[in-house]
């Protein structure tokens with residue numbers, strides 16, 4: 001097959017990984033087939049040698065690169081935070097103004113201490129502990145205040161940790177998640193509940209003075225922009241508003257208390273579609289909503305069941321009181337004016353919610369997604 005005079009140089013080139021192999025082709029067909037088989041075997045052998053060399057050169061274990069330790073000085077930042085907001089013994093000119101804490105964290109210091117005590121008692125994540133190196137970690141005040149500032153301002157990671165926190169980004173996400181879970185676990189029974197008999201009596205009595213006896217609240221929906229919506233879902237979440245949205249259905253009273261909240265429907269649905277899939281319908285038809293102890297009279301007819309104020313898109317049910325599409329008489333004009341004015345309770349509640357917690361404007365831009 002090979003020229004004998006070229007054998008040494010041929011195998012030397014083959015061992016060096018060169019594919020060029022000088023061949024002496026025979027005119028005989030039988031010999032040609034043998035040469036082709038030997039050539040194929042030679043190429044396969046070269047591939048095998050190259051693969052074995054790669055396996056031998058590859059290290060058996062990869063050295064993990066050690067991350068640089070970054071000293072975050074939690075003690076120093078906590079002392080500065082304590083002196084600015086929580087140290088009454090300091091002179092007044094060294095402390096923050098009285099209203100600065102409320103502006104930054106959307107609550108008073110007394111309310112913060114109450115939340116701090118309740119959340120730390122139920123979640124060991126906020127308890128200060130040592131890390132693997134034996135160094136003390138963050139104080140509970142630092143974790144909870146960082147979560148509050150993120151929820152209140154909706155700022156980026158750099159804006160949140162810039163003042164007296166110096167948290168790592170994963171620590172901030174974990175703090176926000178644990179804080180929200182702790183708030184729901186601690187206050188769900190009080191602030192995320194249906195109205196009781198006492199609440200129904202109080203609401204109907206107070207709304208009677210506003211010309212609507214028997215009314216519990218106002219029902220409406222709002223659309224929340226979903227900037228981080230997956231591309232494959234944008235069609236089903238895009239409706240009348242530009243861009244994908246998620247719908248929140250709520251019943252609110254004059255004191256901006258949310259008595260009902262149903263969230264998660266796509267923005268392509270209107271208020272009627274959301275109502276038909278809402279658990280509110282089951283509560284209305286099952287009679288689980290308490291009736292007021294004292295009845296009321298409307299247009300000379302005695303009634304007992306409570307009702308809600310809505311806009312014109314909702315169905316003509318007895319539990320909904322809508323405005324008139326066309327007001328002709330003076331009595332109708334007066335009713336439309338009062339009904340639309342009182343129904344703004346739910347619009348005002350949405351406005352207060354967004355103004356107090358700016359995270360609702362861009363939460364889906366900041367939080368990591370799976």
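Could you run through the stretch 294-310 and say how many residues are farther than 30 Å from residue 235 by Cβ and part of a loop (DSSP other than H, G, I, E, B)?
Here the count works out to 7.
Checking the conditions here, which among 336, 281, 321 is closer than 25 Å to residue 222 by Cα and touching a strand residue (DSSP E or B) at 6+ places or on another chain (Cβ under 7 Å)?
Result of the check over 336, 281, 321: 321.
Looking at (1) modelled with pLDDT of 90 or more; (2) surrounded by 19 or more Cβ atoms within 10 Å (Cβ to Cβ); (3) within 30 Å of residue 153 (Cα to Cα), can you tell me which one residue 348 breaks?
All conditions are met except number (2).
For the stretch 132-148, indicate whether the set of residues that are assigned to a loop (DSSP other than H, G, I, E, B), modelled with pLDDT under 90, surrounded by fewer than 18 Cβ atoms within 10 Å (Cβ to Cβ) and touching a strand residue (DSSP E or B) at 6+ places or on another chain (Cβ under 9 Å) is non-empty.
Yes, the conditions are met somewhere in the stretch 132-148.
Determine if the stretch 164-171 includes at least one residue that is free of Cβ contacts under 8 Å to residues at least 40 places away in the same chain, surrounded by 13 or more Cβ atoms within 10 Å (Cβ to Cβ), more than 20 Å from residue 83 (Cα to Cα) and out of contact with any helix residue (DSSP H, G or I) (no Cβ under 6 Å at 6 or more places or on another chain).
yes
Is it the case, given these coordinates, that residue 302 is assigned by TED's automatic domain parsing to the domain that holds residue 253, farther than 20 Å from residue 195 by Cβ and touching a helix residue (DSSP H, G or I) at 6+ places or on another chain (Cβ under 7 Å)?
no
Report, by residue number, each residue of the stretch 265-276 that is within 19 Å of residue 242 (Cβ to Cβ) and free of Cβ contacts under 8 Å to residues at least 40 places away in the same chain.
Scanning the stretch 265-276 gives 265, 266, 268, 269.
So which pairs qualify, if the first residue must be in the stretch 187-209 and within 30 Å of residue 123 (Cβ to Cβ), the second must be crowded, with 16+ Cβ neighbours inside 10 Å and modelled with pLDDT under 90, the Cβ gap must be under 8 Å, and the two must be at least 6 apart or on different chains?
Taking only residues 6 or more apart or on different chains, the pairs are 194/289; 195/289; 195/290; 196/290.
Here is a yes/no grid of residues against (1) within 19 Å of the chain's Cα centre (by Cα); (2) surrounded by 13 or more Cβ atoms within 10 Å (Cβ to Cβ); (3) under 21 Å from residue 258 (Cβ atoms); (4) modelled with pLDDT under 85:
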site: 314; (1), (2), (3), (4): no, yes, yes, no
site: 318; (1), (2), (3), (4): no, no, no, no
site: 333; (1), (2), (3), (4): no, no, no, no
site: 342; (1), (2), (3), (4): no, yes, yes, no
site: 358; (1), (2), (3), (4): yes, yes, yes, yes
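Quick one: is residue 218 in contact with a strand residue (DSSP E or B) (Cβ under 8 Å, 6 or more places away or on another chain) and in a strand (DSSP E or B)?
For residue 218, the condition - in contact with a strand residue (DSSP E or B) (Cβ under 8 Å, 6 or more places away or on another chain) and in a strand (DSSP E or B) - is met.
Counting only residues that are in contact (Cβ under 8 Å) with a residue 40 or more places away in the chain and assigned to a strand (DSSP E or B), which one in the stretch 249-264 is surrounded by the fewest Cβ atoms within 10 Å (Cβ to Cβ)?
Ranking the qualifying residues of the stretch 249-264, first place goes to 261.
Does residue 200 count as within 19 Å of residue 350 (Cα to Cα), part of a helix (DSSP H, G or I) and modelled with pLDDT of 85 or more?
No.
Hey, could you check the stretch 265-293 for residues that are touching a helix residue (DSSP H, G or I) at 6+ places or on another chain (Cβ under 7 Å) and part of a helix (DSSP H, G or I) and say which is surrounded by the fewest Cβ atoms within 10 Å (Cβ to Cβ)?
281
Please verify whether residue 307 is closer than 17 Å to residue 214 by Cα, assigned by TED's automatic domain parsing to the domain that holds residue 337, buried (at least 18 other Cβ atoms within 10 Å of the Cβ) and touching a residue at least 24 places away in the same chain (Cβ under 8 Å), treating the condition exactly as stated.
Taking the combined requirement at face value, the residue satisfies it.
The values are calculated or read from the model by the stated rules, or taken from the named source; none is laboratory data. If you're wondering where the values come from, they're calculated on a predicted model, not measured in any experiment. Positions of Cβ are generated from backbone atoms using ideal geometry, with glycine treated the same way; all protein chains shown enter the neighbour counts.
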